[in-house]
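K.L.:
I have a structure here, written as structure tokens, and I will follow up with some questions on it.
The values are calculated or read from the model by the stated rules, or taken from the named source; none is laboratory data. Keep in mind that what you see is a predicted model, and the values were worked out from it rather than measured. Heads up, the Cβs are rebuilt from the backbone with ideal geometry, glycines too, and the neighbour counts pull from every protein chain shown. These area figures cover heavy atoms from the full protein model, side chains too; ligands, DNA and RNA do not enter into them. Shrake-Rupley method; radii C 1.70, N 1.55, O 1.52, S 1.80 Å.
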Amino acid sequence: MMQKVQGIGLALLLGAAGWLAAQEAPPVLPKEVKLFAATGAVSVAVCDEQGLLAAACRGAVSGVQLWKLDPDGVPSAEAVTLPPAVPAGAGALQVGPLRVLFHPRQPVLYVWQGCVLPPQGAPERQAADAEFRCLVVYRWTNNAMETVGSFVGGTHAFLHVGAAALAVDPEGRRLFMAPLRPVGATRTAIGWLDLDAEGLPKQTPVLKPGSLDNRGLEEFEMAWHPYRMDVPDFGDQPLWSLVAPSATVLWSGTPNGGLFIFDTENRRAAVAYCSVPGIKSSAWTMLAMDPIRPQFFGVGQYWPAIFRMAHAEGYPTLLPETRYEEGAACSSEPVVMTTEPPRVAVGGGRSVHAWTSDKNGRLGGERLVWPVPSAEVRAMAWSVRFKTLYVPAEGLP
Amino acid sequence: MRTKRLLRAGLMGGLVLAGWLAEARTIVLDARQLERAAGLEASAPRHGWAMTREGTHSWANVIHAGLLDLTRGRCFLFAFSLADIPKGHRITHAELVLPISTWWGTEPRFYLWRVLAEWGHGVCWDYRLVGDKRLEWTRPGAAGMGSDRAARPTAIVRLTEAGSVVINVTEDLDLWQRGAAAQQGWLLSVEDPDVTIRFPSPLYNEASSWKLRISFEPEAMP
């Protein structure tokens, strides 16, 4: 009898110890994954050159937050919140960032912002329509981020949208953006501004209103008007994912498990569409380019599969490879980790999924799952310099 | 004693023959077993997925691979994986089954060519390979007879009704299996003006309707 009681006591003790151990066990993360505290992060970007980390946050605090990275790639304890660009006459316009992106070579940060428009007829509305600009450009100068200017207003952009995307080609010659207002009869367009050597938007020649003279010659003036190409209509597009493999070719995720390829140099083949078998036909596609190999990856939002496809100078080529993984509901754009072996990380519910690829980049290896204390990971960024995946997390001290 | 030996030898021979017969078999591949494929179009010279421009309104003129519309200036390259044919076997019969949806134009016909030149990463109308260097076709669109594609077509298929067509490709498979020619797959083309032939897409949702049926047997009686 005594032995039985002792046995039960021991079992209870062991059980309690196990429970306590389970409660206190810290999340198991490899050294190349760093969590940083950011609530409601919808876009994250890293500037390797200057050691900067930026996040577009739309949580309790809405704004672009900026961290300085130390020599080991650890973010500073406190983030700086960058001031949004709000027109003077627009009063307390509710502004929120949708996308952040660094120039690949210059210390320049591009932010796409949207706003909640005041009612029609209100003076603030007129000010917003006339003066609010979606693209805000900052430059890292003297150890601080200064505002260079804001561009692309309501004539060309939708001011009130839930999602947007930016992309710069690897050479840093063009800044692509979406969604823009269409030129023709579709619902949206993609567009771009050429960039100067410092990564700042260049003006383009635009037709002067009413400039047609009586000899039929038109007059032009210089302005920051983006070049635009209409997007074939899939209906409203609440999610955008753009990748610029070159200054002339742009990929855009589509809402049905595929991508558009925009060729800005060939008017006879300006838009191509590639549907990827294995990605759900109603899943929004999010894309990422491999910075080393000529290939890219895509996932369907909330769909447990990832695809890999090769490209040649920006043009997708040959057949895609698709991996289906039960339970891996993807909620962020893929991020290519230049580790050994290479991995592709994708945010999910309370986790990050990482697919391991072989030396040729094929998704042949295991899938790792790293826990993250956030309901959903919607954005991440990889630093080649620090070999670190930065994952925004909620509820961190 | 001699009878016993003869019986034993006969039994052994019978077993070997049975094994040989069991090894002779037929496999059926479909477009899910394609190892390479590409749609090439003259007016989209860098694209490898240019198979049609079907579409209206905002989709008009958008290149895609949801259908294959063969016409002059647009062709289709495809190569099946033949990994399931064991070494030491010879091809006894092979046929390619291609589904036809519809066509436009008079006296429609399409050509099936064995491809000679190596093609792969970056294949498009202008180039057969794009890597560190760009390697061009002898003539754009893999049109070089005897260099890009075989000097004569494997088949010229005249269409009279929609549905599947069956093409005897035994000779091509035999060449590849014997190693007499490198397996670079086939090219489908339309050579006549004002003819368009529509196939359901092997790269989209009709992969199972493109079939390659191959019969093979061990090369020689042991």
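K.L.:
Per residue of B:37-43, count partner chain C-beta atoms within 10 Å of its C-beta, then hand back the mean as an integer. Don't skip to the end; give the middle numbers.
P.N.:
Details: counts 2, 3, 1, 0, 3, 2, 4.
The mean count of partner-chain Cβ atoms within 10 Å per residue comes to 2.
K.L.:
Heavy atoms only, probe 1.4 Å: what % of the accessible area of region B:24-218 goes to carbon and sulfur, would you let me know? Intermediate results must be reported in sequence, preceding the final value.
P.N.:
On the way: 3730 of 8240 Å².
So the carbon and sulfur contribution to the accessible surface is 45 percent.
K.L.:
For region A:56-135, list log₁₀ I(q)/I(0) at each q in 0.16 Å⁻¹, using the Debye formula over Cα point scatterers of equal strength and ignoring solvent, two decimals each.
P.N.:
-0.68
K.L.:
Per residue, how much accessible area does region B:24-218 have with a 1.4 Å probe, in Å²? Intermediate values should be presented prior to the final figure.
P.N.:
Numbers: 8240 Å² over 195 residues.
With all protein chains present, region B:24-218 gives 42 Å² per residue.
K.L.:
With θ taken as phi - 60° and the coefficients 6.51, -1.76 and 1.60, list the Karplus ³J(HN,Hα) couplings across region A:284-300 in order, rounded to whole Hz; mark glycine and proline as x.
P.N.:
6, 8, 10, 10, 8, 9, 6, x, 10, 8, x, 7, 9, 10, x, 9, x
K.L.:
Rounded to a whole number of µm²/s, how large is the Stokes-Einstein D of region B:24-218 at 37 °C and 0.692 mPa s, given Rh as the Kirkwood radius over C-alpha pairs? It would help to have the intermediate numbers written out before the result.
P.N.:
Working: Rh = 17.0 Å.
In µm²/s, the coefficient rounds to 193.
K.L.:
Now, a different point. How much of the accessible area of region A:3-331, probe 1.4 Å, is carbon plus sulfur, in whole percent?
P.N.:
Details: 7980 of 14850 Å².
Carbon with sulfur: 54 percent of the solvent-accessible area.
K.L.:
OK, next. If you average the alpha carbon positions of region A:216-275 and of region A:328-397, how far apart do those two centres end up, in angstrom?
P.N.:
The two parts, judged by their Cα centres, are 28 Å apart.
K.L.:
Report relative contact order for region A:3-331 in percent, whole number only (criteria: Cα-Cα under 8 Å, sequence separation at least 6). Mind dumping the intermediate values first?
P.N.:
On the way: 738 pairs, mean separation 27.3, N = 329.
It rounds to 8 percent for region A:3-331.
K.L.:
Quick one: buried accessible area between B and A, total over both chains, 1.4 angstrom probe, nearest 100 Å²?
P.N.:
Values: alone 12000 and 18900 Å², together 28640 Å².
Using a 1.4 Å probe on protein heavy atoms, the buried area is about 2300 Å².
K.L.:
On full extension of the chain, what length is gained from B:K87 through B:A181, given 0.36 nm per residue of separation minus the C-alpha to C-alpha distance?
P.N.:
Working: separation 94, 0.36 × 94 = 33.84 nm, distance 1.53 nm.
In short, 32.3 nm is gained.
K.L.:
Here's something else I'd like to know. For A:L98, enumerate residues with amide H under 5 Å from its amide H, sequence gap 5+ or separate chain, H modeled in the peptide plane.
P.N.:
Hits under the 5 Å cutoff: A:W112, A:Q113, A:G114.
K.L.:
Where the centre of each part is set by its Cα atoms, how far does region B:87-133 sit from region A:74-88, in angstrom?
P.N.:
So the separation of the two Cα centres works out to 56 Å.
K.L.:
For chain B, what is the calculated [θ] at 222 nm in deg cm²/dmol (nearest 500), taking -39500 (n - 2.57) for each run of four or more DSSP H residues and dividing by its residue count?
P.N.:
Numbers: 2 runs with 31 residues, N = 222.
The helix-only estimate for chain B comes to -4500 deg cm²/dmol at 222 nm.
K.L.:
Could you please put A:L193, A:L207 in sequence from largest to smallest accessible area, using a 1.4 Å probe?
P.N.:
A:L207, A:L193
K.L.:
To continue, here is another question. Tell me, rounded to the nearest percent, the portion of alpha carbon pairs in chain A spaced more than 32 Å apart. Walk me through the numbers on the way to the answer.
P.N.:
Values: 29313 of 78606 pairs.
So the pairs more than 32 Å apart make up 37 percent of the total in chain A.
K.L.:
Also: Please tell me the relative contact order of chain B in percent, rounded to the nearest whole number, where contacts are Cα pairs under 8 Å and at least six residues apart. Don't skip to the end; give the middle numbers.
P.N.:
Values: 495 pairs, mean separation 75.1, N = 222.
Here the relative contact order equals 34 percent.
K.L.:
Evaluate peptide B:49-57: per residue, the Cβ atoms of other protein chains within 10 Å of its Cβ; return the mean as an integer. Can you show the working numbers first?
P.N.:
On the way: counts 11, 3, 1, 0, 2, 0, 3, 0, 5.
Whole-number average of other-chain Cβ neighbours for B:49-57 is 3.
K.L.:
For helix A:2-24, what angle does its Cα long axis make with the longest principal axis of chain A, in degrees from 0 to 90 and rounded to 10?
P.N.:
For helix A:2-24, the angle is close to 20 degrees.
K.L.:
Ok, one more. Show which aspartates and glutamates lie in cross-link reach of A:K359 when reach means a straight Cα distance below 12 angstrom and same-chain residues fewer than eight apart are skipped.
P.N.:
A:E340
K.L.:
Additional query: Tell me the per residue accessible area of chain A using a 1.4 Å probe; a whole number in Å² is fine.
P.N.:
On the way: 17760 Å² over 397 residues.
Per residue, chain A has an accessible area of 45 Å².
K.L.:
Provide a whole-number value for the mean count of partner chain Cβ atoms within 10 Å of the Cβ atoms in peptide A:317-325. All intermediate terms of the calculation are to be shown ahead of the outcome.
P.N.:
On the way: counts 13, 12, 11, 1, 0, 0, 0, 0, 0.
Average neighbour count from other chains, rounded to a whole number: 4.
K.L.:
Counting GluC sites (Glu not before Pro) as exposed when in a DSSP loop with at most 16 other beta carbons within 10 Å, what is the longest stretch of chain B free of them?
P.N.:
Working: sites that count: B:E54, B:E118, B:E161, B:E191, B:E219.
No qualifying site falls inside B:55-117, the longest such stretch.
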